[in-house]
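**Q** I have a structure I would like to understand better, so I am pasting it below and will then ask my questions one at a time.
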Amino acid sequence: MIEIPRQKPKFRFAPSPNGPLHLGHALSAILNHDMAAEAGGDFLLRIEDIDQTRCTPDFEAGIFSDLAWLGLRWQEPVRRQSEHFAAYQQALQSLIGRGLVYPAFLTRGEVKARVAAFEAEGRSWPRDPDGTPLYPPDDRERSETERRRLLATDMKHAWRLDMEKALATAGGPLYWEESGDGETGIVRTDPAVWGDVVLSRSDAPSSYHLSVVVDDAVQKITHVVRGLDLFHATSIHRLLQTLLDLPEPLYHHHRLLLGADGNKLSKSLGDTGLAEWRRQGLSPVELRRRIGL
């Protein structure tokens with residue numbers, strides 16, 4: 001009998017350098033690191049810096065410093081998304097060529113006004129699991145002639161996944177294998193609740209959804225360990241993996257750390273960063289205890 005070699009487990013921590021890491025990031029990084037060690041696998045670090053306006057070299061340097069202080073070690077080289085825009089564009093062009101995405105010309109302001117006018121009449125506009133209103137059908141329903149005319153004017157636009165066409169192309173229900181702190185086992189996806197998600201904008205060559213599935217495939221990630229706030233987004237990722245013929249990792253969505261206000265810790269809300277905890281004298285061992293490890 002020929003023995004087929006098993007792929008070495010690969011885990012990754014993928015922060016964005018748009019602010020200091022907080023305790024929630026520490027939980028995710030440590031879980032990935034420790035689970036990789038327990039499985040005899042590799043721990044990778046990815047810098048998700050597509051947003052070039054908010055991501056800075058200083059914040060990136062802070063990530064390296066914080067993780068080293070925690071005692072974590074990762075494989076080199078570190079993958080930076082800003083160095084791989086061409087790979088994301090190639091994936092996007094594949095979907096464009098198959099008619100699975102369309103150019104979306106409505107601005108955020110126009111969408112906001114449309115939703116407000118609709119709900120002013122006492123009706124509810126459909127929203128995705130994050131509470132964001134779904135994109136109106138205007139651009140999806142445009143004729144090819146009208147789309148080409150607008151594109152020829154260099155009018156700013158995004159590229160959105162045509163959810164109905166994408167689901168029809170994927171065929172049948174999709175699933176993922178989950179071992180996290182919420183629902184576990186084989187989970188059935190529901191991508192339709194997200195509507196026509198953005199895959200690329202005029203100010204960003206790729207969305208989180210598109211780049212993360214490409215990166216996980218390129219880096220041969222076998223286990224995706226991340227917070228429960230991304231549990232529902234896995235439906236989109238499994239759909240894109242299927243459309244782009246990319247491998248399916250195992251998923252583990254871990255508990256979230258909450259602040260005093262009951263909300264998850266957040267950079268944008270200014271929750272205490274790891275560097276500040278370090279300055280206050282907290283040790284890596286004490287930090288592990290603080291986050292329940």
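**Q** Here are ALA61, ALA68, ALA116: which of them is assigned by TED's automatic domain parsing to the domain that holds ASP203 and without any contact (Cβ under 8 Å) to a residue 24 or more places away in the chain?
**A** Only one candidate passes the filter, namely ALA116.
**Q** Right, here's the next one. I need every pair where a residue in the range 158-187 that is β-branched (Val, Ile, Thr) has its Cβ under 7 Å from the Cβ of a residue that is in a loop (DSSP other than H, G, I, E, B), sequence separation at least 6 or different chains.
**A** THR169/LEU100
**Q** Collect the residues in the range 240-293 that are of a type in the set (Val, Ile, Thr) and not in a loop (DSSP other than H, G, I, E, B), keeping them in residue-number order.
**A** THR242, VAL285
**Q** Hey, could you check the range 137-165 for residues that are among the aliphatic types (A, V, I, L, M) and surrounded by 12 or more Cβ atoms within 10 Å (Cβ to Cβ) and say which is nearest to LEU92 (Cα to Cα)?
**A** Checked the range 137-165; the qualifying residue nearest to LEU92 (Cα to Cα) is LEU161.
**Q** Spot the failing condition for ASP229; the list is (1) outside any helix (DSSP H, G or I); (2) of a type in the set (Asp, Glu); (3) at pLDDT 95 or above, and only one is missed.
**A** (1)
**Q** Ok, one more. Which one of the conditions (1) surrounded by 16 or more Cβ atoms within 10 Å (Cβ to Cβ); (2) not assigned by TED's automatic domain parsing to the domain that holds GLU141 does VAL111 fail to meet, given that it meets all the rest?
**A** Answer for VAL111: the failing condition is (2).
**Q** Out of the residues in the range 265-274 that are of a type outside the set (Asp, Glu), farther than 30 Å from LEU92 by Cβ and surrounded by 15 or more Cβ atoms within 10 Å (Cβ to Cβ), state the one that is modelled with the highest pLDDT.
**A** Once the filter is applied, the top-ranked residue is LEU274.
**Q** Tell me, which residue of the range 15-29 that is in a loop (DSSP other than H, G, I, E, B) and out of contact with any Leu (no Cβ under 8 Å at 6 or more places or on another chain) is surrounded by the most Cβ atoms within 10 Å (Cβ to Cβ)?
**A** Only one residue fits best here, namely PRO17.
**Q** Ok, one more. For the condition hydroxyl-bearing (Ser, Thr, Tyr) and either over 22 Å from ASP196 (Cα atoms) or assigned to a loop (DSSP other than H, G, I, E, B) (or both), what is the one hit in SER94, SER82?
**A** Exactly one of SER94, SER82 is hydroxyl-bearing (Ser, Thr, Tyr) and either over 22 Å from ASP196 (Cα atoms) or assigned to a loop (DSSP other than H, G, I, E, B) (or both), namely SER82.
**Q** Go through (1) part of a helix (DSSP H, G or I); (2) of a type in the set (A, V, I, L, M, F, W, C); (3) more than 19 Å from ARG238 (Cα to Cα) one by one and return the number of the condition ALA192 breaks.
**A** (3)
**Q** As an exercise: evaluate GLY180 against (1) surrounded by 14 or more Cβ atoms within 10 Å (Cβ to Cβ); (2) more than 29 Å from PRO126 (Cα to Cα); (3) in contact with a strand residue (DSSP E or B) (Cβ under 8 Å, 6 or more places away or on another chain) and give the number of the one condition it does not meet.
**A** GLY180 satisfies all of (1) surrounded by 14 or more Cβ atoms within 10 Å (Cβ to Cβ); (2) more than 29 Å from PRO126 (Cα to Cα); (3) in contact with a strand residue (DSSP E or B) (Cβ under 8 Å, 6 or more places away or on another chain) except (2).
**Q** While we're on this one: Among the residues in the range 43-64, are any under 30 Å from ALA166 (Cβ atoms) and in a helix (DSSP H, G or I)?
**A** Scanning the range 43-64, I find no residue that is under 30 Å from ALA166 (Cβ atoms) and in a helix (DSSP H, G or I), so the answer is no.
**Q** What residue, of PRO247, PRO284, is surrounded by fewer than 17 Cβ atoms within 10 Å (Cβ to Cβ), of a type outside the set (Val, Ile, Thr) and in contact (Cβ under 8 Å) with a residue 60 or more places away in the chain?
**A** PRO284
**Q** Turning to a different aspect of this structure: So which residues in the range 114-125 are surrounded by fewer than 10 Cβ atoms within 10 Å (Cβ to Cβ) and either closer than 15 Å to VAL193 by Cα or small (Gly, Ala, Ser) (or both)?
**A** Those that are surrounded by fewer than 10 Cβ atoms within 10 Å (Cβ to Cβ) and either closer than 15 Å to VAL193 by Cα or small (Gly, Ala, Ser) (or both): ALA120, GLY122, SER124.
The values are calculated or read from the model by the stated rules, or taken from the named source; none is laboratory data. Please read all numbers here as calculations on a predicted model, not as lab measurements. Cβ: placed from backbone, ideal geometry, glycine included. Neighbour counts: every protein chain shown.
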